[in-house]
């Protein structure tokens, strides 16, 4: 950020009075421009015993596989974001289950969340941001071609919990330098 | 947003090519300015059987009671945000338990999250944004003087779950027009 989005003048970087962190501050109109983490929300869509993944058509990690997920929009709920992203990326209608994983990726200021989801039918189709969508049985999952660690972690927890026949919410913090 | 924070020229409001929602777009430098929901993270701090609340010294809802919570910052995890806000608002050191509630407030583009937390000692002190901090027994909780519905809902779920001796994660969507 270089210019004030409210008045167009150059901003300074400083700790506002009464605050503890440096912010972009406009000395001209007085606006303090806070910047906050973003949420990426998606699903783990299941049809019978198989899991639906998308192969990314866009950067980063074009060509690699991921659970359907994307940036949450203003004026929607986490559940609405999960349904929308699933519709957009893999063309699937799902019934949301529990919030299953929450993954902090602090060094890029993101929080990723995945819901368990049951596909209403076997119908799906890749969206414009996906090269391909495919239902994978456990033994066929493309572990070495996954785009993001939050998807990989969520898949592993799902398979473990399914074996144990008990699903719980999983919180994880990913450190910088780890592959994600 | 009226001016581009990257180049200082006026922005337009339009749907970018390949997108589905209107964004603030700078025709001059090409930047698309996405706006996304914000996370408010806090705790439900417990010492023995009592719950620690803060009375707000700032607007909105000055003078009313709340669980300690605030906007998550860039480069921190949800857990770090919860600990920081608890330290800042009620001066308490806590040990985090489970993520207990997630409350969507779509009409103001916020997601509120609360962790259960055990206070390490009875020590606490109101921070600069609090008029007062106080440990409340269940029968003394100030239900009619609560600042935000996300705190009220989280408290109710906690008391219900404590009676049932089983704590689970609670997801809620608050609608516009409801008091929060």
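In the elastic network of chain A, a GNM with C-alpha springs shorter than 10 Å, the most mobile of A:131, A:141, A:159 is A:159. Treating r as the C-beta distance of residue B:17 and residue B:107 and R0 as 25 Å, the FRET efficiency rounds to 0.30. Suppose R0 equals 30 Å; then what is the FRET efficiency for residue A:165 and residue A:128 from their Cβ-Cβ distance, rounded to the nearest 0.05? Computed FRET efficiency for residue A:165 and residue A:128: 0.20. Remark: spin-label model distance residue A:74-residue B:149 equals 2.1 nm, labels positioned 7 Å along the Cα→Cβ axis.
For chain A, the longest principal axis of the Cα atoms and the long axis of helix A:78-90 meet at an angle of about 60 degrees. GNM remark for chain B: springs join alpha carbons under 10 Å apart, and the peak mean-square fluctuation among B:93, B:85, B:122 falls on B:122.
Compared with the dominant principal axis of the Cα atoms in chain B, helix B:149-164 is inclined by about 40°.
From helices alone, the protein assembly as shown scores -5000 deg cm²/dmol at 222 nm; the rule is -39500 (n - 2.57) for each run of n ≥ 4 DSSP H residues, then divide by the residue total. Residues considered: A:98, A:39, A:113. Largest GNM mean-square fluctuation over chain A, using C-alpha springs under 10 Å, is found at A:98. Across chain A, C-alpha contacts under 8 Å between residues 6 or more apart give a mean separation that, scaled by the residue count, equals a relative contact order of 22 percent.
The simple Förster model, with R0 at 41 Å and r as the Cβ-Cβ distance, assigns residue A:137 and residue A:34 a FRET efficiency of 0.35.
I'd like the distance separating the alpha-carbon centroids of the range A:102-158 and the range B:137-176, in whole Å. After rounding, the separation between the Cα centres reads 33 Å.
Please give the Cα centre distance for the range A:43-94 versus the range B:1-48, rounded to the nearest Å. The distance from the Cα centre of the range A:43-94 to that of the range B:1-48 comes to 21 Å.
All of the numbers you see were taken from the coordinates with simple rules; none came from a lab. All of these numbers come straight from a predicted model, not from anything done at the bench. Cβ coordinates were reconstructed from backbone atoms using ideal geometry, including for glycine residues, and neighbour counts include every protein chain displayed.
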